[in-house]
Amino acid sequence: MRNIRRSSRHNTTVDTLAESKQRDAGQTIFPTLRDLLCFSAVLGYQVERKSDLTDPVPFVDSRIFENEPQAPELMYLIGLAETKDVDCLREENEEDLVSLFEKYADGGLDVLAEWLKETSSDPFGDRAILEALKRHGYLELQDKPPEAVAAEIEF
């Protein structure tokens, strides 16, 4: 499998979510780029948003991606859900599968970038993501403050 790419227009979003450590927590929201990739691909699929890569740049090395078994499995599931055809899993269709996964991940990064802009007062993005997940019905906070929910989430 080749390396996974993303559009260069997402440099700021990727930096905010997976490379810049939060002041209080001392860590990034997503511990690895692979985690951000998988989250954004699922988000893109959920909201039915695919995006063609413009000015593609490397995102996640294929060895790192394949080193966590759930990551390729997630790619296969998205491919199956999209195509509704098990032939998408054949070795000769791997490039199409990776490309589809990249498109959904890029679409998810578009959504994340929008969420970050909506809550521009949140320099690290954690509150922006939690609030957007709640607002769109993906997460029930049950009257807990976002900080309490964030402490319970693991990637």
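Specify the residue that is most open to solvent (accessible area, probe 1.4 Å); the eligible residues are those in the range 73-99 that are farther than 26 Å from R9 by Cβ and among the β-branched types (V, I, T). So, considering only residues that are farther than 26 Å from R9 by Cβ and among the β-branched types (V, I, T), the one most open to solvent (accessible area, probe 1.4 Å) is V86. Tell me, please, whether a residue that is aliphatic (A, V, I, L, M) and outside any helix (DSSP H, G or I) can be found in the range 55-67. Looking through the range 55-67, at least one residue is aliphatic (A, V, I, L, M) and outside any helix (DSSP H, G or I).
So is S62 within 20 Å of E19 (Cα to Cα) and modelled with pLDDT of 95 or more or not? Answer is no for this residue.
Being open to solvent by 90 Å² or more (accessible area, probe 1.4 Å) and either of a type in the set (F, W, Y) or in contact (Cβ under 8 Å) with a residue 40 or more places away in the chain (or both) is the filter here; which residues of the range 49-72 pass it? Listed by number, the residues that qualify are K50, D52, D55, P58.
If you take the residues of the range 51-97 that are polar (S, T, N, Q) and more than 18 Å from the chain's Cα centre (by Cα), which of them is farthest from R2 (Cα to Cα)?
T83
Yes or no, residue by residue, for (1) surrounded by fewer than 20 Cβ atoms within 10 Å (Cβ to Cβ); (2) modelled with pLDDT of 75 or more; (3) not in a loop (DSSP other than H, G, I, E, B):
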{"site": "F101", "(1), (2), (3)": "no, yes, yes"}
{"site": "K117", "(1), (2), (3)": "yes, yes, yes"}
{"site": "D122", "(1), (2), (3)": "yes, yes, no"}
{"site": "L139", "(1), (2), (3)": "yes, yes, no"}
{"site": "D143", "(1), (2), (3)": "yes, no, no"}
{"site": "V149", "(1), (2), (3)": "yes, no, yes"}
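Entry remark, the range 1-53: residues being part of a loop (DSSP other than H, G, I, E, B) and basic (K, R) number 5 in total. For T32, the stated conditions do not hold, so it cannot be described as open to solvent by less than 80 Å² (accessible area, probe 1.4 Å), in contact with a Lys or Arg (Cβ under 7 Å, 6 or more places away or on another chain) and closer than 15 Å to T13 by Cα. Would you say L133 is modelled with pLDDT of 90 or more, within 17 Å of F39 (Cα to Cα), under 19 Å from the mean Cα position of the chain (by Cα) and surrounded by 15 or more Cβ atoms within 10 Å (Cβ to Cβ)? Here the answer is no, as L133 does not meet what is asked.
When the range 103-114 is examined, which residues are found to be more than 17 Å from N11 (Cβ to Cβ) and surrounded by fewer than 22 Cβ atoms within 10 Å (Cβ to Cβ)?
Our first condition is that a residue be more than 17 Å from N11 (Cβ to Cβ); within the range 103-114, this holds for 103-104.
The one that is more than 17 Å from N11 (Cβ to Cβ) and surrounded by fewer than 22 Cβ atoms within 10 Å (Cβ to Cβ): K103.
The values are calculated or read from the model by the stated rules, or taken from the named source; none is laboratory data. Only a predicted model underlies this, so the values are computations on that prediction, with no experimental measurement involved. Reconstructed Cβ throughout: ideal geometry from the backbone, glycine too, with neighbour counts over all protein chains shown. Surface areas here come from the heavy atoms of the whole protein model, side chains and all, with no ligands, DNA or RNA. Shrake-Rupley method; radii C 1.70, N 1.55, O 1.52, S 1.80 Å.
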